[in-house]
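The values are calculated or read from the model by the stated rules, or taken from the named source; none is laboratory data. On a predicted model such as this, the values are computed, not experimentally measured, just so you know. Here the Cβ positions follow ideal geometry from the backbone for every residue, glycine too, while neighbour counts run over all protein chains shown.
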């Protein structure tokens, strides 16, 4: 729908265009059933970032305080990209495998369901 | 001659309605250029029902009386160092959130009602809006004055106006009011006059203020109830505008329904802040958020929507979701602020055992199952000297701008994700309500000033968190933010009440 | 049926108003909460100037109600002699 | 010695909010200052107004005058809401007792009929003009950017509504609540040639887009002329003609005009004094609107007071403008 406005055209400034992030793009990461982290988190990363870097440095920096984190069997993690099942390759970059600006990566860790299995 | 007595209705009509005239030197549309673009059809402004027939003489008289009472109490409160008499210093943090998050909204409301108080073509509606504009200015000013004394004894109040333009969680109420004010005059009336005032502000002012009374906060109760006495007039104006629009033309009905859906949802999201204030920030409890929601939304709201059914208006879309969320929302909101307690200008903390028991009792279906384990873990971490803070920035909803902390009511341990693609770019949402709002007017919401993205774009003072929090937000780091335990607020409170300081407690323990 | 309701600040003047409301609305329920008094009644609630004046023993204008009012629910009808709240359904 | 400890710790940790501290120094600020300065949002607006997409929500470009900082303004009365309503309530109380006295003593009946008719023709129609002034000031309130400036317009706007209502009550007092005088006054406002200039002037101002120009056209130019004409010269004239009781009914307007003039003068002076650009812009507006106002009001001045009335009004306006540096 167009915005009803006093002028015939109402065009909004796209405030979060990828060009505004100085070579980075926004990537969101959420860890299913670990709501001790109150919400998914946002990172600004170069699109060329390797998936291995995302996992080893970025995700680990964000979530390692959780007691489940050390228990993760990374081979068994189930990934979703923008709500579709996703099989990331560690040595490929984000953008190469479709992780574009403001994409959501979700990781599920079956068997690890938060503190006392409460989803936290 | 003996003068005939005029009754209130006649007098009001002569003193307000009859002042207007039919323009002949300029066109009506030149004088009221904003009346048509929203698609609302007004056929006859004279059908407007004046809710309260208030003339300025009575307005000045009664409002002056209220103000006299209010300031007498505020003076007495300051002279008696009333800040010492609240139940617990933790409580003051709710008031910090009030001043930084809610009071600037009163200012926005004043500007908005001033705007429609000029732009609406009907003199009766215009004058009612003008009175609301000046009332709203009253509210922001009395709130600043009521909290001025707390500002002298607690940290976090001092830069409320600067913070409102910048701090991440304050973009939630700011974007709410910006959204309403940038809408056309009729949408503004439905947004603030009806959806916010009639359907939702009771939840803010009535049970919370009653809670403030129960926690010894004379200053807040006084401005709260005094403001709410104006609110009764505002609610009635909101209801009258809705009825008027619905009666004017059948084409208005679907437009109004869509606005009700939108603003109910935006309001509900914003009230997550109030939910957590009620359940977590009032040491003495009057009622839980869930109970307040049941009385002031479910019961009062259903009376209201039954009343409006004769016009073809239905309960807001997503009222069901909002009702289901009543058992979760305060806990989720508190979790967000606990996560980001280092980035807030007020203190957070974990509830005591006794408080958790109260939460278990009030939320038998959800608290022990979903939230207590998390809170106990956090308490354990704190005891080990590793108070949990989330080290990264949260993902925000494009519409309500709240971190994506809400879960799926069908599966309450799963974060609720929604995404839209618009003009080649992804946009993400916390709920169907927020996604719908975006999808209907994407050109509006692509403009959202999302704090997390702004930080990453380098527009908030720099790349380091200290630059953002300290220089840009002007939070006094280590003073205004972090856990209540160990804060200067706590230290001062303990000294006033001759309670052992944290240091003393440590010594005792060893 | 829906409840029409009104809440008043808990103070001296309100006590007279509440007394008058109870007299004019025999089925109304009065609920005391911290610092406020909430009165509700099925369908309709009315406040009559004359009854309040009788309770107070002095002149009282309907518009003076606003000084002690906290909130209300229902369609408002106000004139010189009465203030009423009602739901139409 | 717990009492001593308590006293020591009850020292405030700061004297005022940061926004007032930055402006006025580290000392207790007045209630006027805390609630008036730097309250309005200034940046990071989320969406453009649908009713004016080329501007931000708060946008300084809604007027051609430019201030480096709009918060340098000050209302000499230091009105915030509380002091404002209490000041008006006092004035209202006096007015109420004046009107009651006028009514009770039947003063309308002892007024010569031609005086009564003259008031209905020359003064009561102003109730409509006052509604226009109410709308114009509400416009300035809603488009200005600094609360310390805007709130003055909001109070002024409500005052003008109040005056419109008092003028209506004057009409009702003069006709014993038959409402005939209000109907007659409206007829004058709509079609009496004496009033058409003024009505056209007001309708034109209602269409302006620059809020500071509205302030100049309404509050500075028109009001200075009209208030001098009606509430000073006309009052004197009516007294001469045997209607001295009118004074009781217009005391509010006279006292109010004195009060509000202090704010109008201060707002004008501060803005003019900011820059040569502002002085020139405002000078141009004043010249335009003064020329129109003088021509438009002349017929009313003529019948209400007489030949020299308009010159006397212009003199008052010129003095006022000179005081503001114009």
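Scan the stretch B:353-380 for residues that are at the interface with another protein chain (Cβ under 9 Å from one of its Cβ atoms) and either touching a strand residue (DSSP E or B) at 6+ places or on another chain (Cβ under 9 Å) or over 18 Å from residue A:117 (Cα atoms) (or both) and the total you get is 2. The residues of the stretch B:474-492 that are closer than 21 Å to residue B:349 by Cβ and part of a loop (DSSP other than H, G, I, E, B), listed by number, are B:475, B:476, B:477, B:478, B:479, B:480, B:481, B:482, B:484, B:485, B:486, B:487.
Here are some residues: B:285, B:326. Which one is touching a helix residue (DSSP H, G or I) at 6+ places or on another chain (Cβ under 7 Å) and at pLDDT below 95?
B:285
Among what's in the stretch B:462-473 and is part of a loop (DSSP other than H, G, I, E, B) and within 17 Å of residue B:340 (Cβ to Cβ), pick the residue that is modelled with the lowest pLDDT.
B:464
Looking across the stretch B:458-499, the residues that are within 14 Å of chain A (Cβ to nearest Cβ) and crowded, with 19+ Cβ neighbours inside 10 Å come down to B:460, B:468. Applying the condition of being within 8 Å of chain D (Cβ to nearest Cβ) and not in a loop (DSSP other than H, G, I, E, B) to the stretch B:23-46 and asking which residue is farthest from the chain's Cα centre (by Cα) yields B:30.
So, in the stretch B:47-66, how many residues would count as being in a helix (DSSP H, G or I) and facing chain D (nearest Cβ under 8 Å)? Total meeting the criteria: 8.
To keep it simple, each residue is scored yes or no on (1) free of Cβ contacts under 8 Å to residues at least 60 places away in the same chain; (2) more than 7 Å from chain B (Cβ to nearest Cβ); (3) more than 22 Å from residue B:96 (Cα to Cα).
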residue	(1), (2), (3)
D:12	yes, no, no
D:30	yes, yes, no
D:39	no, no, no
D:44	yes, no, no
D:51	yes, no, yes
D:57	yes, no, yes
D:62	no, yes, yes
D:65	no, yes, yes
D:74	no, yes, yes
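Scanning the stretch C:12-35 for residues that are at pLDDT 90 or above and within 14 Å of chain B (Cβ to nearest Cβ) gives C:12, C:13, C:14, C:17, C:29, C:31, C:32.
In this structure, is residue B:386 in a strand (DSSP E or B), more than 25 Å from the chain's Cα centre (by Cα) and either more than 23 Å from residue B:324 (Cβ to Cβ) or within 11 Å of chain A (Cβ to nearest Cβ) (or both)? No, not satisfied. For the stretch A:82-120, a residue qualifies if it is buried (at least 19 other Cβ atoms within 10 Å of the Cβ) and within 17 Å of residue B:414 (Cβ to Cβ), and the qualifying residues are A:82, A:104, A:105, A:106, A:107, A:109, A:112, A:114, A:115, A:118, A:119, A:120.
Of all the residues in the stretch D:103-131, those that are within 11 Å of chain B (Cβ to nearest Cβ) and over 26 Å from the mean Cα position of the chain (by Cα) number 5. A single member of D:178, D:168 is crowded, with 24+ Cβ neighbours inside 10 Å and at the interface with chain B (Cβ under 9 Å from one of its Cβ atoms), and it is D:168.
Restricting the search to strands (runs of 3 or more DSSP E) fully inside chain C and requiring at least 1 residues that are in contact with a strand residue (DSSP E or B) (Cβ under 7 Å, 6 or more places away or on another chain) and surrounded by 18 or more Cβ atoms within 10 Å (Cβ to Cβ) gives C:3-9, C:36-42, C:44-48, C:69-73, C:75-78, C:82-86. For the stretch B:1-22, the set of residues classified as more than 7 Å from chain D (Cβ to nearest Cβ), crowded, with 18+ Cβ neighbours inside 10 Å and either modelled with pLDDT of 95 or more or touching a strand residue (DSSP E or B) at 6+ places or on another chain (Cβ under 6 Å) (or both) consists of B:16 only.
Within the stretch B:47-68, the set of residues being farther than 30 Å from residue D:82 by Cβ and under 29 Å from the mean Cα position of the chain (by Cα) comprises B:48, B:49. Of the residues making up the stretch A:55-85, those that are more than 14 Å from chain B (Cβ to nearest Cβ), more than 20 Å from residue A:36 (Cα to Cα) and touching a strand residue (DSSP E or B) at 6+ places or on another chain (Cβ under 8 Å) number 1.
Screening residue B:314 against (1) within 30 Å of residue B:489 (Cβ to Cβ); (2) over 20 Å from the mean Cα position of the chain (by Cα); (3) assigned to a loop (DSSP other than H, G, I, E, B) leaves a single unmet condition, (1).
Matching residues to (1) in contact (Cβ under 8 Å) with a residue 60 or more places away in the chain; (2) buried (at least 21 other Cβ atoms within 10 Å of the Cβ):
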{"site": "A:14", "(1), (2)": "no, no"}
{"site": "A:18", "(1), (2)": "yes, no"}
{"site": "A:28", "(1), (2)": "yes, yes"}
{"site": "A:35", "(1), (2)": "yes, yes"}
{"site": "A:55", "(1), (2)": "no, no"}
{"site": "A:65", "(1), (2)": "no, no"}
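Given the condition closer than 22 Å to residue B:363 by Cβ, away from chain C (no Cβ under 14 Å), surrounded by 21 or more Cβ atoms within 10 Å (Cβ to Cβ) and more than 21 Å from the chain's Cα centre (by Cα), answer yes or no: does some residue in the stretch B:321-339 qualify? Yes - at least one qualifying residue is present in the stretch B:321-339.
The helices (runs of 4 or more DSSP H) found wholly in the stretch B:69-187 and carrying at least 2 residues that are within 16 Å of residue B:217 (Cβ to Cβ) and facing another protein chain (nearest Cβ under 10 Å) occupy B:123-151. The helices (runs of 4 or more DSSP H) falling completely within the stretch D:41-134 that include 1 or more residues that are crowded, with 22+ Cβ neighbours inside 10 Å map to D:81-104, D:113-122. Restricting attention to the stretch A:10-42, the residues being facing another protein chain (nearest Cβ under 7 Å), in contact with a helix residue (DSSP H, G or I) (Cβ under 8 Å, 6 or more places away or on another chain) and either within 18 Å of residue A:113 (Cα to Cα) or in a strand (DSSP E or B) (or both) number 8. Which residues, taken from the stretch D:226-246, are closer than 21 Å to residue D:106 by Cβ and touching a residue at least 40 places away in the same chain (Cβ under 8 Å)? Scanning the stretch D:226-246 gives D:238, D:241, D:242, D:243, D:245, D:246. The condition of being in a loop (DSSP other than H, G, I, E, B) and at pLDDT 95 or above holds for residue A:5.
Within the stretch B:211-232, work out how many residues are more than 7 Å from chain C (Cβ to nearest Cβ) and either assigned to a helix (DSSP H, G or I) or in contact with a strand residue (DSSP E or B) (Cβ under 8 Å, 6 or more places away or on another chain) (or both). Final tally of qualifying residues: 11.
Candidates are the residues of the stretch B:419-441 that are crowded, with 20+ Cβ neighbours inside 10 Å and facing another protein chain (nearest Cβ under 9 Å); the one that is farthest from the chain's Cα centre (by Cα) is B:427.
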